[in-house]
Structure formats: C-alpha cells, structure tokens
Amino acid sequence: MSPRRPPALVLDLALAGFALADVWFHVDVEDQPAAAFALLGALALMLRRRLPLTTFVLTLLTALVTDAVVAPMAALYTLSSLNRHRLLLAGCALIYAIIDFLPWPWSSLDATELSQTNNLFHLTYTLATAAAPVFLGQLVQARRELSLRLADIFEAREHERLLTAQSVLAKERAQLAREMHDVVSHQVSLIAVQAGALQVGSRDAETRQAAATIRRLSVQTLEELRHMVSVLRASGSRPTELTPQPSLADLEHLVEASGIEAKLETDLPEELPPTVQRAVYRTVQEALTNVRKHAPGATATVRIDHRNGGLYATVTNTAPTRRAVALPSAHHGLAGLAQRAELLGGSVTSGPTAQGGYELCLELPVERNR
C-alpha cells in the first residue's frame, strides 16, 4: 500500500517557503525592486496548479533581476507536468535559459564576451538547467497518464471478468432450471396426481384427509417450483420479481397448513421490521417441518412474544407417537436459521425437552433491526 501524499496546499506552502529561503540567500534586501520581484515570484507559486503559464511568466521577473532559481524552475516544472504542448514548453525553457544567461541590466552586456569559452560553457549549463524541469515534468505527466491507462485496463478486465462470471452463472442457472423442470416438477406432479387418486378412491375419511393435504401441498410446491424455474431462466435477461416474502401475518396459515396439530400463541407489537418478520416465519416453518419429519404424531406449540426489547419465538413439540420414517436431508436447516439470526444480531438454540419432545427458540433484538 503506497503512502498517502500530503495535501496539495501543504506542498504549495512548502515550495513557496523554499523559494522565499532562496530569495533570502540570493537577493539583497536593500535592492527593493529586485526583492519585490523575487517575492512576487515566490508567492506566485501558490497559483501554479490553477494558472501554470501565468505563474511561469510572473517568476520570469525573478530570473531576470535576481539569482534566485527555485521559483522559475518550479513554475517551469509545473507547466510542463500539466501541459502537452511541447513547442510551448520548449519556447518557455528557451526564454528562461536566455533570461538566466544574460546579465541584468542588459546595458552591461559586452558582445565580445559571448564568444569566450566560459560564457559558452555557462550557456550550455543554463540550457541544460532549463531543460531539466521540462523533462521531469513531462516524465511525471507520462507516469500520471500511464497510471490512468492502467486503471482503465484494470477496470475493463474486472468488468470482463464480471461478465464472464455472470455468463457462467446464467448457464448454470439455465441448467438448474431444466433439471428442476424435467425431474423435480415431474415427480411433484406425479405425487399430486397419486394423492388426488387416493383422495377420490379411498373410503377411509382420515386417509382422504391426508391425501387431500398431500395433494394441496404438492400443488403449492409445484407452483413455487414453476416460479423458481421462471426466475432462473429469466436471470441475466430481464428483472424478475421473486415470490412475495412472508410476514407474521402469514403465520396462522402456515400453522394451519403444517399437517400437524399445532397451536399458535402470539403477543407482538403492531409494527416489526420486515427482516425480523421473515426470520420468525422461516424459523417457525423449519421447526414445524422438522416436527412433521422427525416426530410423527406429536403436537406443537408456537409461542411468539416481545419482551425486554427482544423478540422470542419458541416452537415446542411433544414426544412422537410413531416411529419416524427415514427421509433424505441435507442437515442445513438449523445452520441456515442460526446464520440468519446472527446477521440480525440474535441467536437460535435448540434441544430436547424433559418430556421427550424438542424445543427450538429464536431470540432477536428488535430495536437494532429497525
């Protein structure tokens, strides 16, 4: 991780202070015109980012009448780092070199001295000194542009990677949709048909009621599967709304349609966050499903109340009256409930009761999730 650069204002103040120190060492205070031009050039550096060419012109007066070089060279560097016009930069460097080379006042210039070796060496040195900030500024500008290009390339690659991942995900969803439609939906349809036939052909009232429940749940599951298939197939092409999320208002219907003898007891405020309502609904749904699978013949009690700023949902079932039939399970239900509760700042606890039943309790903070 690269260190953070100081703010631009701090850098400008530091550069202006360095230029003022240069003026202090090279300009005689008693020479008021020279001191005034030198101070003007040093203070003009505060404008170098917004008006680089104007700043350079103002600092030329410093180079003309004094030996201070910090202000004009800093202005020339800033101009070259912000300007792409190379002819203008070459002209500015040449003007600065000429002004720095010629003595002040110009009336003291002796043409015969220009041909001397020392003066030619001085002219070469001055030209090199003027070219150095231009080359350095152009190098910084090229580095800045290269960084921007690299950032654009990185962004383009990230976008391409995202598109590739979305394409792969869309293919997997399409394959999953086909499997759900061809296998799962077909089998659930057969269950519904067989349950309907059993409901019509059976003479036992209890058997007909059980068959009706199986048929109703199969039809409901089939509708949800078809909606999920449509969502998966439409993924990546157009927005598709998911099935409306359940709330506490749907708990009564959930308990009635659970297929077991269950009682619902609630004492809740009128308004609760939607996330809390969904967590309670899914917890009760998972608990009732587990009772139906693992405790045949048991009864359940669902208690939901609000106290001490928290919401408590408890599902307790009695001991089973029949042996449970082994059913396939991924064992992800309770783990998913615990993860959902942790995201909301709550917890899920579960375990057997002293009477041989089972109890699952959800605790959620209400105020935190508003």
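The values are calculated or read from the model by the stated rules, or taken from the named source; none is laboratory data. It should be emphasised that the depicted structure is a prediction, and the values quoted were computed from it without experimental measurement. Please note: Cβ atoms are built from the backbone with ideal geometry, for glycine as well, and neighbour counts cover all protein chains shown.
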State whether the residues of the stretch 157-166 include one that is in contact (Cβ under 8 Å) with a residue 40 or more places away in the chain and over 30 Å from Val69 (Cβ atoms). yes
Boolean, Ser189 is at pLDDT 75 or above and either of a type in the set (Gly, Ala, Ser) or more than 35 Å from the chain's Cα centre (by Cα) (or both): yes
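Would you mind finding the one in Ala111, Ala93, Ala75 that is farther than 23 Å from Asp31 by Cβ, small (Gly, Ala, Ser) and modelled with pLDDT of 85 or more?
Numbers: Ala111 fails: modelled with pLDDT of 85 or more; Ala75 fails: farther than 23 Å from Asp31 by Cβ.
Ala93 is the lone residue from the list that is farther than 23 Å from Asp31 by Cβ, small (Gly, Ala, Ser) and modelled with pLDDT of 85 or more.
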Go over the candidates Leu163, Leu146 one by one and state the one that is outside the structural domain of Glu261 (by TED's automatic domain parsing), under 30 Å from Ser81 (Cβ atoms) and either in a helix (DSSP H, G or I) or among the hydrophobic types (A, V, I, L, M, F, W, C) (or both). Leu146
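Could you identify the single residue in Phe121, Phe154 that is modelled with pLDDT under 80 and assigned to a helix (DSSP H, G or I)?
Phe121
For (1) free of Cβ contacts under 8 Å to residues at least 24 places away in the same chain; (2) over 51 Å from the mean Cα position of the chain (by Cα), each residue gets a yes or a no:
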residue	(1), (2)
Leu47	yes, no
Thr54	yes, no
Leu58	yes, no
Asp67	no, yes
Leu82	no, no
Ala90	no, no
Flag if Thr301 is assigned to a strand (DSSP E or B) and more than 20 Å from Ala338 (Cα to Cα): yes
Being among the hydrophobic types (A, V, I, L, M, F, W, C) and either at pLDDT below 75 or over 22 Å from Val284 (Cα atoms) (or both) is the filter here, so list the residues in the stretch 229-267 that pass it. Val229, Val231, Leu232, Ala234, Leu242
